[in-house]
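Q: Before we start, here is the structure in question, set down as structure tokens.
The values are calculated or read from the model by the stated rules, or taken from the named source; none is laboratory data. Since the model is a prediction, treat every value here as computed from it, not as a measurement. Note: ideal-geometry Cβ built from the backbone for every residue, glycine included; neighbour counts use all protein chains shown. These accessible areas exclude ligands, DNA and RNA; they are computed on the full protein's heavy atoms, side chains included. Shrake-Rupley method; radii C 1.70, N 1.55, O 1.52, S 1.80 Å.
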Amino acid sequence: MLGTFTYHNPTKLYFGQGSIQSLNEELPKYGSGVVLIYGGGSIKKNGIYDTVVEILKENGKWVTEIAGVMPNPTLEKLYEGIQIAREHPTDLILAVGGGSVCDYAKAVAVSVHCQEDPWEKYFLRQEEPDCPVIPVGCVLTMVGTGSEMNAGSVITNQETKQKIGKVFEDERVMPRFSILDPVYTLTLPHYQMVSGIYDIFNHICEQYFSGEDDNTSDYISEGLMRSLLHASRVANVDPQNYEARSNIMWTATWALNTLVSKGKSTDWMVHMLGQAVGGFTDAAHGMTLAAVSLPYYRFLLPHGLARFKRFAVNVWDVRPEGKSDRQIAEEGLTAMEAWMRELGLVMNLTQLGVTEEMLEGLADVTFVLPGGYNPPSREEIIGIFKESL
Ligand code: NZQ
Ligand code: ZN
């Protein structure tokens, strides 16, 4: 472990069946004005909305709603939410939904008391808030992003086709608390469930495929990946299996709450490629990652051979005897591909509506981050997209 770092995660988690009742513990800590944010209506169908509103009322809260936050929340919707929050008492923002709703809640929280344009300030210039930040709490209903315990927020500007994430350093942006009841995820369609599972897996990969020192973070990552592989196989054929779904939920949180990035330079290029695709197609986040992953990792493998070999042996149980390092490493990716197909993930960009004519434009909006084994050039990015079609 060669890096130096600070670790502090202030989000309080309430986990398990019935954990929604913990809202009664949290709500008294804040003033009476609550802005309740949710998505396109799944929480009304499965009853979570009624439960939350009842608890808010019992706690004497004055509730304003921002409804209809879409997957891959847009800048236009963000402006609307900021306006609503400015016009109503907002002592706490309560996000009830998936990563999109939680991310959106954070973006509103940092913008209500800020005079500058949030897109320019936070997403384009990547600045930190220099104004009061409204506290956010999350009730998670879709598992994958880790937004429930991190300070990330991803917003899409439909006009410029840019989907940009900001990972805030300011701890005030972290959810103050998150409520994780695996039962709430049981109504997710299979497509969303596996999209989230791949998102989790890739979050771990993005951090694991960097660095060469002996680092405890990598051992934790391997454990998380093994747990996820097991639970995902169970949930894939038996989606109502509480034990599997609860493990997937817990793994998602630890995959991206900064723990396994400690001491790591981290790669994040699959996310950069996937986000570019998201800006153009509005596809489900996890599926954009699945579609580009194998071409990217096959491109990366020769540059991080030792790590890909370790991945094959420690995560995928590839037997190393009598094989070259390259063979072992490639077998790891073959095993990963088989698992991805077993889950029914989207395995190419064509299925998401990407065409060859879009590739230059996609490369234009792909950020290149420097932490991986071989940050790709523009030509290489276009090559990876082409391989992914
Ligand atoms: O809108 P509703 O009707 O609620 O339906 C949602 C939505 O259509 C549905 N859903 C959620 N919970 C459900 C449910 N349907 C039935 N039963 C339930 N219990 O699922 C759909 C997808 O939800 P969404 O929140 O969009 O999914 P996800 O959690 O994958 O979030 C994706 C967003 O998070 C960003 C992504 O880029 C994307 O914009 N990310 C955020 C990160 C972070 N904060 O650190 C990191 C990630 O890498 C990611 O980039
Ligand atoms: Zn992700």
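Q: Out of region 142-212, which chymotrypsin sites (Phe, Trp or Tyr not before Pro) are coil in DSSP terms and have no more than 16 other C-beta atoms within 10 Å?
A: Here no chymotrypsin sites (Phe, Trp or Tyr not before Pro) fit, given the DSSP loop and packing criteria.
Q: Would you mind telling me the antiparallel percentage of the DSSP bridges in the chain, rounded to 5?
A: Antiparallel bridges make up about 20 percent of those DSSP assigns within the chain.
Q: Next question. If amide H atoms are built 1.01 Å from N in the plane of the peptide, which residues on other chains or at least 5 residues away come under 5 Å of the amide H of W62?
A: Counting only residues 5 or more places away or on other chains, the set is G33, V34.
Q: Can you pull the percent of the chain's accessible area that's carbon plus sulfur, 1.4 Å probe, other chains left in place?
A: The C+S portion of the solvent-accessible surface of the chain is 52 percent.
Q: Restricting things to alpha carbons, tell me how big region 1-47 is in terms of Rg and Dmax, in Å.
A: Rg, Dmax (Cα atoms, Å): 16.7, 49.
Q: Starting from the Cα of K386, draw a straight line to each of the lysines and keep only those under 25 Å, dropping any in the same chain fewer than 8 residues away.
A: K161, K163
Q: How large is the accessible surface per residue of the chain, computed with a 1.4 Å probe and reported in Å² as a whole number?
A: 40
Q: Provide the per-residue ³J(HN,Hα) series for region 357-368, in order, calculated from phi with Karplus coefficients 6.51, -1.76, 1.60 and θ = phi - 60°, each as a whole number of Hz, with x at glycine and proline positions.
A: Once θ is set to phi - 60°, the couplings for region 357-368 become 5, 7, 5, 4, x, 5, 5, 4, 9, 8, 6, 9 Hz.
Q: Pick from Y30, Y79, Y297: which residue has the top mean-square fluctuation in a GNM of the chain where Cα pairs under 10 Å get a spring?
A: Highest fluctuation of the listed residues: Y30.
Q: Across region 1-102, how many lysine pairs, 8 or more positions apart or on different chains, have C-alpha atoms separated by under 19 Å? Please give the number.
A: Pairs that pass both the separation and distance tests number 4.
Q: Just the C-alpha atoms of the chain: what Rg/Rh do they give, with Rh taken as the Kirkwood radius?
A: Numbers: Rg = 20.5 Å, Rh = 21.3 Å.
Ratio of gyration radius to Kirkwood radius: 0.96.
Q: Given a 10 angstrom Cα cut-off, can you work out which residue in Q17, Q351, Q115 is the most mobile in a GNM of the chain?
A: Q115
Q: What lysines does K323 reach when the alpha-carbon gap must be under 17 Å and sequence neighbours fewer than 8 apart in one chain are set aside?
A: Answer for K323, where 17 Å is the Cα cut-off: K309, listed by chain and number.
Q: Where both partners of a DSSP beta bridge lie in region 118-187, what percent of those bridges are antiparallel, to the nearest 5?
A: On the way: 6 of 10 bridges.
About 60 percent, rounded to the nearest 5.
Q: Between rounded, prolate and oblate, where does region 76-146 land on the alpha carbon gyration tensor, with a ≥ b ≥ c its root eigenvalues, rounded for a/c under 1.5, else prolate if a/b exceeds b/c? Kindly include the intermediate steps, with their values, before the conclusion.
A: Details: a/c = 1.85, a/b = 1.32, b/c = 1.40.
Taking the square roots of the gyration eigenvalues as a ≥ b ≥ c, region 76-146 is oblate.
Q: What's the center-to-center distance, using Cα atoms, between region 113-171 and region 329-383 in Å?
A: Region 113-171 and region 329-383 have Cα centres spaced 25 Å from each other.
Q: Around I37, which amide H atoms from residues at least 5 apart in sequence, or from another chain, sit under 5 Å from its own amide H, with H modelled in the peptide plane?
A: Under 5 Å from the amide H of I37: I66, L94, A95, V96.
Q: So how many Å³ per residue does the convex hull of the Cα atoms of region 79-236 work out to?
A: With only Cα atoms used, region 79-236 gives 144 Å³ per residue.
Q: Follow-up question, since we're still on this one. How large is the direction-averaged shadow of the alpha-carbon convex hull of region 281-382, in nm²?
A: About 7.2 nm², averaged over all directions.
Q: For region 342-389, what class follows from the C-alpha gyration tensor (a ≥ b ≥ c being the square roots of its eigenvalues): rounded when a/c is under 1.5, otherwise prolate if a/b is larger than b/c, else oblate?
A: oblate
Q: Which residue, G60, G278, G33, has the most motion in a Gaussian network model of the chain that connects Cα atoms within less than 10 Å?
A: G60
Q: Can you list which of the trypsin sites (Lys or Arg not before Pro) found in region 316-389 are DSSP loop residues with at most 16 other C-beta atoms within 10 Å?
A: Here the sparse-neighbourhood loop sites are K323.
Q: If a/c stays under 1.5 just call it rounded; otherwise compare a/b with b/c (prolate if a/b is bigger, oblate if not). Do that for region 151-275, with a ≥ b ≥ c from the square roots of the Cα gyration tensor eigenvalues.
A: On the way: a/c = 1.57, a/b = 1.17, b/c = 1.35.
Note, shape of region 151-275 comes out oblate.
Q: When we measure straight from the Cα of K264, which aspartates and glutamates land under 15 angstrom away, once same-chain ones fewer than 8 places off are left out?
A: Within reach: E206, E212, D213, D214, D218, E222.
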